[in-house]
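Structure first, commentary second.
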Amino acid sequence: MSKDSSLPKHVAIIIDGNRRWAKAHGLKPQEGHARGAEVVEEISRVAVDAGIKYLTIWGGSYNNLTKRTPTEIKFLDEYMYRPWAQRGLKNRDIYENEICVRLIGEWPILLSKKTRDAIQELEGATRKHSRHFLTYLIGYNGDREMVSAMNSAIKDGKKVTGETIKNYLWTKDLPQVDLVIRTGAEDPTVPHNSTGFMMWHTKDAILHFAKKNWPDFTKEDFLGLIKQYSQRERRFGK
C-alpha cells in the first residue's frame, strides 16, 4: 500500500475474542492469548509498512489484570508481556524503522517487577525514536483514565476545560484517533464501546466493528480497512 496523506495518522485497535477463539478451538484461554500476541506483532509490522505513524493497541484492561483467574493473569504477565518486551529489545525492525514503543495504563502497579523492568528497558531504548509510535494500553480502562485526569486537575486547582482535561490524560501525548477497529463483535449490528476506551481521543474517529475474533484477524483485513478509510471523505460536522 502506498504511503500517502489519505492514510489515517492514528489507528487504535481494541483486541477482543482471544478467549472465545480458544474455546471454539477446544483450547485453554492462555493459548488464545498466545495466538493473539502473534497477531499483534504481525499487524504492528503491517501498520508500519503501510505508513501508519501512530498505532495504539489495547492489550489488556485494568479489569483483565485484576478480575480474571490468578493463572490467567500470571500467564499474561510472565509469558506474554515480559517475553514481548524482551523480544522488542532485539527486534531490528524497531530500530531500523525508528519505532518509539510505549505502554500506557496502570501496568506499573499490576505487573511483576521482572516484567516492569523489561518493559521499562524497551521504552528507554526506543524513547528517542520518532518515525513511528507504537503504544500498548496495558492495565488501561478509559473510565479510570478520565477519573484520574479530573481528580488530578481538581487537586492542582485547575479550571476544567477541554485543554485541561487533555493535559491530564495518561494518553495526552497521543494525537486524535482517526480509526478505531474492534474485533470480536459477536453481533456487529449492535456495536459497543468498552469502559470508555480513549473517550477523549476517539470523539471524531471512524469506528469499525469486526465480527472476527482477534486471532482470526489478518493483515488483509487490516489493510482493507485502511483502504476504506482512505477513500472516505471526512467532514467533521462541516
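Where a number appears in this text, it was derived from the coordinates with a stated rule and is not lab data. Worth saying up front: this structure is predicted, and the values here are computed from it rather than measured. A quick note on method: Cβ atoms are made from the backbone with ideal geometry, for glycine too, and the neighbour counts reach across all protein chains shown.
Brief remarks follow.
- Per-residue ³J(HN,Hα) for segment 119-128, Karplus 6.51 cos²θ - 1.76 cosθ + 1.60, θ = phi - 60°, Hz, x for Gly and Pro: 5, 5, 5, 5, 4, x, 5, 10, 4, 8
- Fraction of C-alpha pairs exceeding 20 angstrom in segment 110-186: 52 percent, rounded to a whole number.
- Residue among 8, 196, 132 farthest towards the positive dipole end of the chain, charges placed on Cβ: 196
- Contact order relative to length of segment 10-228, as percent, for alpha carbon pairs under 8 angstrom and 6 or more apart: 28 percent
- ³J(HN,Hα) computed for each position of segment 150-159 - Karplus, 6.51 cos²θ - 1.76 cosθ + 1.60, integer Hz, glycine/proline x: 5, 4, 5, 5, 5, 4, 7, x, 8, 6
- Sites count as exposed loop sites when they are GluC sites (Glu not before Pro), lie in a DSSP loop, and have at most 11 other Cβ atoms within 10 angstrom; the longest stretch of the chain without one is 1-185.
- Under Karplus coefficients 6.51, -1.76 and 1.60, residue-wise ³J(HN,Hα) of segment 130-145 in Hz, glycine/proline x: 9, 7, 9, 10, 10, 10, 10, 9, 10, x, 10, 10, x, 5, 5, 5
- Pairs of alpha carbons in segment 46-91 whose separation is greater than 17 Å (percent): 51 percent
- Translational D in µm²/s for segment 148-238 (Stokes-Einstein at 10 °C, 1.306 mPa s, Kirkwood Rh from C-alpha pairs): 103 µm²/s
- Hits among aspartates and glutamates - C-alpha to C-alpha of residue 166 under 19 Å, sequence gap 8 or more where chains match: 106, 143, 145, 156, 178, 204
- Looking at the chain, the pairs of alpha carbons with a distance over 28 Å make up 31% of the total.
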